[in-house]
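Report on the following structure.
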Amino acid sequence: VPLTPKNESWSFPSDFWWGVAGAAFQIEGAAKDEGRGPSVWDALTRVTNHIVDNSTADVADNNYYMYKEDISRLAAQGVKIYSFSLSWSRILPFGRGPVNQQAIDHYNDLINTCIEYGVEPSVTLYHWDTPLVLQDTYGGWLSEDIVPDFVEYARIAFEAFGDRVSKWYTVNEPIVFCNQYPLPAQYFKNFTIPNKQQPFHCGQSVLLAHSQAYHVGKSILGDHSSITYKNNGGYKIPLTNSSADAQAVQRAWDFNEGWFSDPVYLTGDYPESVKEYVSGFLRDFTDEEKQQILGSSDFYAHDAYTAQFYMAPDSGLDSCIGNVTHPLYPSCANTTYTYSAEDGGWVIGPAADPGSPWLHKATDWVPAFLKYMQDTWVTPSPGPVKGVAVTEFGFAEPFEGSKTLLQDILYDAVRTSYYHDYMEAILMAIAEGTDVVGCLAWSFVDNFEWQQGYASRFGMQYVNFSDPALPRYYKASFFEYINAFKIYGSEGGD
Ligand code: PNW
C-alpha cells in the first residue's frame, strides 16, 4: 500500500501558534532566593495535610536556576512558544511598593534566552501565587483593594518585558482560584464574608483587575500585542435529554465559563442567572466598569482538558453553587459528576491519575467543545476577538507515580494517546470551520501539582525528584505532540 503521509483534509493554518506551558510556583523553586517574598502557596504548603504528600515547592524543578537547560530542551524539539508565569512576590516581595531588581534581571535573562534559542516567550502575570502579605492585609482577591495592586504589578511587567513578549495572559483560571476560597479555616484572617459568597467577591475583583490591566497593557504594548485571561472548565454534556438536565448544563456554563466570559465577551456583566444569585451580597458593576470589562480580550483562551456529564440534582439547581468539596474543582455548579466509560450513548475515556479525578480523556468531545466556545463567546462578541486558543491541555498518566522503571515511565501510553487524539480533534475542528488559533500543552515537565504535590505528574518530560540534580527526560508524549506539527504544520517535517 502506498504511504499516505497525512489526512489531506487536515492542516494547521500558517498562522497557527503552538507551544508548551508551565507556571512559576510549580517549577521555579528558589523560594527564598534573590529577594523573593512568600506567596499564599508557600503558606498553604505549610498547612499540615493540605498537600497530599506534605511537600513544598521550595525547590520544585529548580527551574529558577535551570531555565537555560529547560529552554534549550524545548528548542531542541522545535517547540515554538514557551508560556510561563511571573512570580508576583518575586517582582514585588511585599505585593506592592519596592521592585526587586534581581527578579526583573532574572526574567529578562529568561526571556532573552528564549529569543536566542528561537522560542517565543509568552507570559501569564498571575498563576495563583498571591503575595502573602496582600492575603494577610486585606484578604487577597476577596477585597477590591487588590485591583490597584494587581494593575500596578501588571504595568511594571508590561513595561519591563513588553518589548519582547507579545502574548500576555493576566490571570490563570479565576474559576479555580476563586473557588479555592475559603482557604483553610483559621489559617488566614477571617474576613467575615460567608463561605458561599467568597468566590463571587473574588471573581468581581478579578474582572476589575483583569480589565484594567488589559487597557494599561494595550496602551504600553500597542496593537501588535495580544492580551487575554485564561478561562477553565470541561465541556458540559447533559446526562439525559430531559429538559431539567439541559437546564443544569446551561447553569453550569453560566456559573463556570459564563461568570467570566459573558462580562468580557458579551455584555460587560454577569449572566442573568449569576446576577440573580449574587444580588443582595455583591454590588453591581457601574456603567464605566462594564465598559472597561466588555472587550478586554484579544482572543478566547481556554484551558480545555476534559468533559463532564451534568444532571439536575434532586435538591434543586442552586444546591451545589459555592459547595466546594475539593479546592481544585472548577465548578460550584449544580452537577453530578459521572464518569462511567459509557453513559447516555456518549463515551468519556479513562480517568487520569487518581489524584486528578476531574480529568478524563474525553478527546471525542473537543471539536464540539471548541465550536461551542466560538459560537457562544467569539462570534457574537461585539468586539474583535481572534478565535479560540486551547491554552492548556494535558493528562496525568494513570499510576505513573507508582512505576519504578525509567523505561516504563517514559513510555506514557495513555498521555501519548491523549495528545494524539487531541491534536486530531483540533485539526478536525479547524477543518469544520472553527477558528482555533493556537494551543499550549500542559506541561513541559513534571512539577508541583498544587494539592497533589509531586504525587500527580502532568509532564511531557519526566523529572526524577529524588535525584538532587533533578534530571529531565523526554517522555513518549512529547514526541507525539511535536509530530502533529511536523505532519500537519506548515513548517514541514524533519
Ligand atoms: C490547571 N479542572 O488547573 C492549572 O492551570 C495548572 O496549574 C495545573 O497544574 C493543571 O491544570 C493540571 O491540574 C486545573 O477541575 C485545575 O477541570 C482544575 C481543572 C482543570 C485545570
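Straight-distance candidates among the aspartates and glutamates for linking to K290, with alpha-carbon spacing under 13 Å and chain neighbours fewer than 8 residues away dropped: D262, D269. Solvent-accessible area of the chain (1.4 angstrom probe, protein heavy atoms only): carbon and sulfur portion equals 52 percent. Peptide packing for 211-217, 254-260 was compared via the average number of neighbouring C-beta atoms within 10 Å per residue; ordered from the highest value, the list is 254-260, 211-217.
Cα centroids of the stretch 219-267 and the stretch 75-113: how far apart, whole angstrom? A separation of 29 Å, based on Cα centres.
Ranking G37, A252, Y169 by how far each Cα lies toward the positive end of the dipole of the chain (charges on Cβ) leaves G37 at the top. Most tightly packed first, judged by the mean number of other beta-carbon atoms within 10 Å of their residues, the peptides 225-232, 245-252, 111-118 read 225-232, 245-252, 111-118.
Sorting 401-407, 48-54, 28-34, 87-93 by their mean Cβ neighbour count within 10 Å, with the most densely packed peptide first, gives 87-93, 28-34, 48-54, 401-407. Rolling a 1.4 Å probe over the protein heavy atoms leaves W168 with an accessible area of roughly 0 Å². Extension gain for the segment L405 to Y187, taken as residue separation times 0.36 nm less the Cα-Cα distance, is 74.5 nm to one decimal.
Taking Cα centre as origin and charging only the Cβ of basic (Lys, Arg, +1) and acidic (Asp, Glu, -1) residues, the dipole magnitude of the chain rounds to 340 debye.
Annotation: per residue accessible area for the chain equals 36 Å², rounded to a whole number [probe 1.4 Å, protein chains only]. Annotation: amide H-H contacts under 5 Å for N232 (H modelled 1.01 Å from N, sequence separation of 5 or more, or interchain): I175, D303.
The helix-based estimate of mean residue ellipticity at 222 nm for the chain, built from -39,500 (n - 2.57) per DSSP H run of four or more residues and divided by its residue count, is -10000 deg cm²/dmol to the nearest 500.
Pairs from the table (K68/K386; K196/K236; K189/K361; K32/K361) lying more than 28 angstrom apart at Cα are K68/K386; K189/K361; K32/K361.
The values are calculated or read from the model by the stated rules, or taken from the named source; none is laboratory data. The structure presented is a predicted model; accordingly, all values stated were derived computationally and were not measured. A quick note on method: Cβ atoms are made from the backbone with ideal geometry, for glycine too, and the neighbour counts reach across all protein chains shown. Ligands, DNA and RNA are excluded from the accessible area calculation, which covers all protein heavy atoms including side chains. Shrake-Rupley method; radii C 1.70, N 1.55, O 1.52, S 1.80 Å.
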